[in-house]
Amino acid sequence: MARFRSRSAYQLKYPYPRRQFIRGLLRGGIRFASSLLLKYKVEGLENLPEQGPLLLVGNHFHFLDTISPIHTTPYALEFIGDAVMPNAPGYLRFFPSLWGTLQILQGTPNLEAMRAAEAVLSQKGVLAIFPEGHVHKPPLGKPLPGASYLALRSGAPIVPIATFSEDNWDILGTLRRERRRARVIARIGKAFGPLSAGTDEVPGRTEIRAAGEEIIQQIARLLPPQAGGTYGLPDVAGV
């Protein structure tokens, strides 16, 4: 009963969907800017389920790949992500606050953000998370436990979205040197899972590790082999 009351309290605190007006403005601004500055190709739109609950997962090679779920999907998105954003320019660090991102701080328990994320998924919401947890250069690295923990706890299906730029996200440099827009490709894979039926129990380390490996491999299959690293495959099965 206490667990039920706690979950209901978080559903009230984080109703889904929320902040629709401001998020609609931000989505429109992102799409407009992308049309001007990027040659943005989206593959696999037919793989998007009609509704949630869904967990969207993707690689994190550049701070701008966080726009991919916004730009490529129609969902009322919730994000869970890094509160610090050390690799983003200062003028963009306000974006998570405007969006209302569920912010986590690396190295801390982050109970509020994780319970909020569970509440979103329990309301058939769509939550985007980057399993590696921080921006880094390719190839894919080991996943942190957050995405797999949420997948196991919620029992939500998972949609992988791999995003990469053929011009290394060098937007202004590509415009200046080559007189063209930087090329970005987003590949949406088929939904997989659920990895569990959902549980009130805390998943064990072995189960979390196995789920994390499955999630990161699904992302790798959508990336060029060199970007997938040890997780990569020579094809894009699942598109």
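Points to keep in mind about this one:
- Flag for LEU64 being surrounded by fewer than 16 Cβ atoms within 10 Å (Cβ to Cβ) and either over 22 Å from MET114 (Cα atoms) or modelled with pLDDT under 95 (or both): no
- Meets criteria (within 22 Å of LEU12 (Cα to Cα), in contact (Cβ under 8 Å) with a residue 12 or more places away in the chain and touching a helix residue (DSSP H, G or I) at 6+ places or on another chain (Cβ under 6 Å)) for ALA151: yes
- Among the residues listed as THR199, THR163, THR206, THR230, the single one being of a type in the set (Ser, Thr, Tyr) and within 21 Å of THR66 (Cα to Cα): THR163
Rundown of residues vs (1) under 20 Å from GLU132 (Cα atoms); (2) touching a His at 6+ places or on another chain (Cβ under 6 Å); (3) at pLDDT 90 or above; (4) surrounded by 14 or more Cβ atoms within 10 Å (Cβ to Cβ), yes/no style:
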residue: LYS39; (1), (2), (3), (4): no, no, yes, yes
residue: ASN59; (1), (2), (3), (4): yes, no, yes, yes
residue: MET85; (1), (2), (3), (4): yes, no, no, yes
residue: ARG93; (1), (2), (3), (4): yes, no, no, yes
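- Just one of (1) more than 16 Å from the chain's Cα centre (by Cα); (2) in a loop (DSSP other than H, G, I, E, B); (3) surrounded by fewer than 18 Cβ atoms within 10 Å (Cβ to Cβ); (4) in contact (Cβ under 8 Å) with a residue 24 or more places away in the chain fails for LEU175. It is (2).
- When we screen ILE215, ILE129 for residues that are in contact (Cβ under 8 Å) with a residue 24 or more places away in the chain, within 16 Å of the chain's Cα centre (by Cα) and over 26 Å from ALA9 (Cβ atoms), the only hit is ILE215.
- Restricting attention to segment 184-201, the residues that are exposed (fewer than 15 other Cβ atoms within 10 Å of the Cβ) and either free of Cβ contacts under 8 Å to residues at least 12 places away in the same chain or of a type outside the set (A, V, I, L, M, F, W, C) (or both) total 3.
- Per-region count, segment 134-153, residues surrounded by fewer than 18 Cβ atoms within 10 Å (Cβ to Cβ) and part of a helix (DSSP H, G or I): 1
- Test: residue in segment 104-118 that is part of a loop (DSSP other than H, G, I, E, B) and charged (D, E, K, R): no
- Any chance LEU222 is closer than 19 Å to ASN59 by Cα, surrounded by 24 or more Cβ atoms within 10 Å (Cβ to Cβ) and in contact with a Phe, Trp or Tyr (Cβ under 8 Å, 6 or more places away or on another chain): no
The values are calculated or read from the model by the stated rules, or taken from the named source; none is laboratory data. As the structure is a prediction and not an experimental result, all values here were calculated from the model. Every residue, glycine among them, receives a Cβ derived from its backbone with ideal geometry; neighbour counts consider all protein chains shown.
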